[in-house]
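A quick write-up on the structure given underneath.
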Number of protein chains: 2
Amino acid sequence: MADSGRRIYLASRPEGMPTEDNLVLESMPIPSPGDGEMLLETVYLSLDPYMRGRMSAERSYAQPVAIGQTMVGGTVSRVLESRLDGYAAGDYVLSFNGWQTHALSDGTGVRKLDPAQAPLSTALGVMGMPGFTAYVGLLDLGKPQPGETVVVSAASGAVGQVVGQLGKLKGCRVVGVAGSEDKCRYVTEELGFDACVNHRDEALPQALAAACPDGVDIYYENVGGKVLDAVTPLLNEFGRMPVCGTIAHYNDTAPPSGPDRLAGFMRAVLTRKLTVRGFIQSDHLERMPDFLKDMSGWLKDGRIRYKEDIVDGLDNAVKAFQGLLQGENRGKLLVRVVPDPTRGNA
Amino acid sequence: MADSGRRIYLASRPEGMPTEDNLVLESMPIPSPGDGEMLLETVYLSLDPYMRGRMSAERSYAQPVAIGQTMVGGTVSRVLESRLDGYAAGDYVLSFNGWQTHALSDGTGVRKLDPAQAPLSTALGVMGMPGFTAYVGLLDLGKPQPGETVVVSAASGAVGQVVGQLGKLKGCRVVGVAGSEDKCRYVTEELGFDACVNHRDEALPQALAAACPDGVDIYYENVGGKVLDAVTPLLNEFGRMPVCGTIAHYNDTAPPSGPDRLAGFMRAVLTRKLTVRGFIQSDHLERMPDFLKDMSGWLKDGRIRYKEDIVDGLDNAVKAFQGLLQGENRGKLLVRVVPDPTRGNA
């Protein structure tokens, strides 16, 4: 092969924040497809918080990535060469090729994309795993009722921005928690959240209480830490807490120092009869057809909007992922590995 | 009136363990029933962990007991004099007269008891609130499936003993956690639990893990503290945790010292997709007819057994309640305020 591909593999398990010592970029040969295979080129690589869990040896949703293995991740890819029925060079697919420029596929777990229907990148965001995570977590687990108050943390992120807009669609008061005034402005002014509180504000508990005069019926949990501490006292009887992530703790190398908040949390669960439920979207795939139908409709009629934060070049992936864990992204974070010819690159 | 009644009222809010400075016994006049009222004499007073919450000013299920108010509680009472249709002197009723010898009632919230059907005291235990708490929490919230593993803390207590036996009825492996070898022997040898672990054993985590070779599908939570810490790592994917109580913390005057276990707990909730749900039986009263029918059948055919710990005399109530919070009772704790003529007093 003339061109060399590139990949980022897990060279060692991070202690705390992952670095380029843990996630190493190297060149690799571009493979040739055998019979029943196709060669895919990554256009977009999705960067998502769950990836931090895969880098650790600890028990998580799924098997950890092995040392030496290419880091996993969802991708939008272009078919370069196909020896697989149903796929032709130039097709676009949603796949799970990970942090690399090229990969072979036999079609397993791959879905063809139509760039005329929606921008390709949305298959990794609002129309993909993050949007589906918001949909299942808020609608099926949170069960929002008109007039209820929904709080969502990481409100401007890939999941949070959809959660809040779905809450508004269901007639709820929606309060976001985000990490800057700029993000808060975005979700209130552009996405229609009723209020948003900056979690870097020292008066977070007071500000959140003021934004939730009727308490909180649903807390869509993405972060943990001090946001969870601020929301817990506000939860109403029969409050629901779909637990989607605890990003504030993903880089923890030891349990946070005391006091121990667990007893107080369990007391709140008990006396206010809360339901706290962890979930992952892949356990709810029977809802995917409903999601795709609903979400494409909401996108077309403008009832759901979204924001993407696109970083160019696989060599910037590690830095972008570090930023994600620190809340530096603005909307759904993607690496554009090669230009997307189906749309402008702005 | 010739005789004087007695009551125990909340004189001050306890810091930590309640004492006789907080719960003061005094004599009182015995009231006379007006038209549409009856005079009740307390035969049995139920002592239950939830009462500790009512002594505090903090938000709990219900309003705190006011300073000066008679301490609340479920009672089995005898009608001494009735000017209320449908009730006659000599009848027995389930009522909520609190820590006192006598009370007037207009019949609200009162249910007549037939001592020929079941011992009167069971209306406060296996056939009453604790039994119903076990029934709703395990069956409706825990949803036990044959072959699953159920762990229940405070296993020999009024609720725990029923939870474990219901788990066995549903075909589960049942593991108790209790505070002595004696209690453990009772639940395994007399109630049919598969295993029981002593939480005062330093090797509690190891012992519990050994008793649950297939992990834990349902943890019926009555205590919190180190038992919760020992169970959490064992919970299987999609595990359920009905939260009925956190008695290990009821006397806490400040949050326990660190490290902070909340982040680790939420990580378990997330990655193992646990459902943690607080509840109180009174939100589920629509299930009471099913419970009474099922439980009376199970008692009659010997599939559910129970143990009571009966203390004589209202003047021993405070000491008995202290013992309850320290796990000194053996089975459902009751104060026999006056002799029960419908059965021997052994």
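Once you have a ≥ b ≥ c as the square roots of the Cα gyration tensor eigenvalues for segment A:224-346, tell me rounded if a/c is under 1.5, and otherwise prolate or oblate according to whether a/b is larger than b/c. Intermediate values should be presented prior to the final figure.
On the way: a/c = 2.76, a/b = 1.48, b/c = 1.87.
Judged from the Cα gyration tensor, segment A:224-346 comes out oblate (a/c at least 1.5, b/c at or above a/b).
Using alpha carbons only, how many degrees (0 to 90, rounded to 10) separate the axis of helix B:160-169 from the longest principal axis of chain B? Compared with the principal axis, the helix lies near 60 degrees.
In sequence order, segment B:83-100 has phi-based couplings of 10, 10, 4, x, 10, 10, 3, x, 5, 10, 9, 8, 9, 10, 8, x, 7, 7 Hz under the Karplus curve 6.51 cos²θ - 1.76 cosθ + 1.60, θ = phi - 60°, and Gly or Pro positions carry x.
Against chain A, whose longest principal axis is taken from its Cα atoms, helix A:262-271 shows a tilt of about 70°.
A Cβ-based charge dipole, computed about the Cα centre of the protein assembly as shown with Lys and Arg at +1 and Asp and Glu at -1, lands at about 460 debye. Highest GNM mean-square fluctuation among A:GLY167, A:GLY90, A:GLY125, for chain A modelled with Cα contacts below 10 Å: A:GLY90.
Over chain A, dividing the summed -39,500 (n - 2.57) contributions of all DSSP H runs of at least 4 residues by the number of residues returns a 222 nm mean residue ellipticity of -6000 deg cm²/dmol.
Peptide A:276-282 has a mean shielding of 6, counted as Cβ atoms of other protein chains within 10 Å of each residue's Cβ.
Would you mind computing Rg(Cα) / (2.2 N^0.38 Å) for chain A, counting N as its residues? Before the final figure, lay out the partial values.
Numbers: Rg = 20.5 Å, N = 346, 2.2 N^0.38 = 20.3 Å.
So chain A has a normalised radius of gyration of 1.01.
Taking 4.7 Å between C-beta atoms as the pairing limit, chain A has these partnerless cysteines: A:CYS172, A:CYS212, A:CYS244. Starting from the Cα of B:ALA11, move 7 Å in the Cα-to-Cβ direction to define the label point; list residues of segment B:80-121 whose amide nitrogen is under 12 Å from there. Flagged as within label range: none. Which of the three applies to segment B:38-140, rounded, prolate or oblate, going by the alpha-carbon gyration tensor with a ≥ b ≥ c and a/c under 1.5 meaning rounded? Oblate, since a/c reaches 1.5 and b/c is not below a/b. Helix B:288-300 against the longest principal axis of chain B: what's the angle in degrees, Cα atoms only, rounded to the nearest 10? Roughly 80 degrees between the two axes.
In order along segment A:149-157, the phi-based Karplus estimate (6.51 cos²θ - 1.76 cosθ + 1.60, θ = phi - 60°) of 3J(HN,Hα) comes to 9, 10, 10, 10, 8, 6, 5, 9, x Hz; Gly and Pro are listed as x.
About its Cα centre, the dipole of chain A is roughly 740 debye, where the only charges are +1 on Lys and Arg Cβ and -1 on Asp and Glu Cβ. Note that segment A:110-186 shows a convex hull volume over its alpha carbon atoms of 103 Å³ per residue. Largest mean-square fluctuation among B:GLY86, B:GLY171, B:GLY297, in a Gaussian network model of chain B whose springs join Cα atoms under 10 Å apart, belongs to B:GLY86.
For B:ARG6, the amide hydrogen comes within under 5 Å of the amide hydrogens of B:MET28, B:THR101, B:HIS102, counting only partners 5 or more places away or on other chains and with H modelled in the peptide plane.
GNM remark for chain A: springs join alpha carbons under 10 Å apart, and the peak mean-square fluctuation among A:PRO146, A:PRO255, A:PRO64 falls on A:PRO255.
Relative to the Cα centre, the charge distribution of segment A:129-282, modelled as +1 at Lys and Arg Cβ and -1 at Asp and Glu Cβ, gives a dipole magnitude of about 400 debye. Remark: for residue pairs B:LYS112/B:LYS300; B:LYS170/B:LYS319; A:LYS143/A:LYS307; A:LYS273/A:LYS307; A:LYS143/A:LYS332, the C-alpha separation exceeds 29 Å in B:LYS170/B:LYS319; A:LYS273/A:LYS307.
The alpha carbon radius of gyration of the protein assembly as shown, expressed as a multiple of 2.2 N^0.38 Å, is 1.13. Considering only A:TYR219, A:SER27, A:HIS284, and ranking their Cα positions along the charge dipole of chain A that arises from unit charges at the beta-carbon of Lys, Arg, Asp and Glu, the one farthest toward the positive end is A:TYR219. Would you give the gap between the C-alpha center of segment B:261-296 and the C-alpha center of segment A:138-200, rounded to a whole Å? About 28 Å separates the Cα centre of segment B:261-296 from the one of segment A:138-200.
Centroid-to-centroid, using Cα positions, segment B:101-129 and segment B:53-91 are 12 Å apart. Candidates A:TYR186, B:LEU84, A:VAL150 compared by Cα position along the dipole of the protein assembly as shown: farthest toward the positive end lies B:LEU84, with charges placed on Cβ.
Straight-line cross-link partners of B:LYS226 among the lysines, defined as a Cα under 21 Å from its Cα and at least 8 positions apart when in the same chain: B:LYS183. Does segment A:305-346 come out rounded, prolate or oblate, given a ≥ b ≥ c as the square roots of the eigenvalues of its C-alpha gyration tensor, rounded meaning a/c under 1.5 and, failing that, prolate meaning a/b above b/c? Taking the square roots of the gyration eigenvalues as a ≥ b ≥ c, segment A:305-346 is oblate.
Every number here is computed from the coordinates shown, using simple stated rules; none is lab data. Computed from a prediction, not measured in an experiment: that's the story for all the values here. Backbone-built Cβ (ideal geometry, glycine too); neighbour counts: all protein chains shown.
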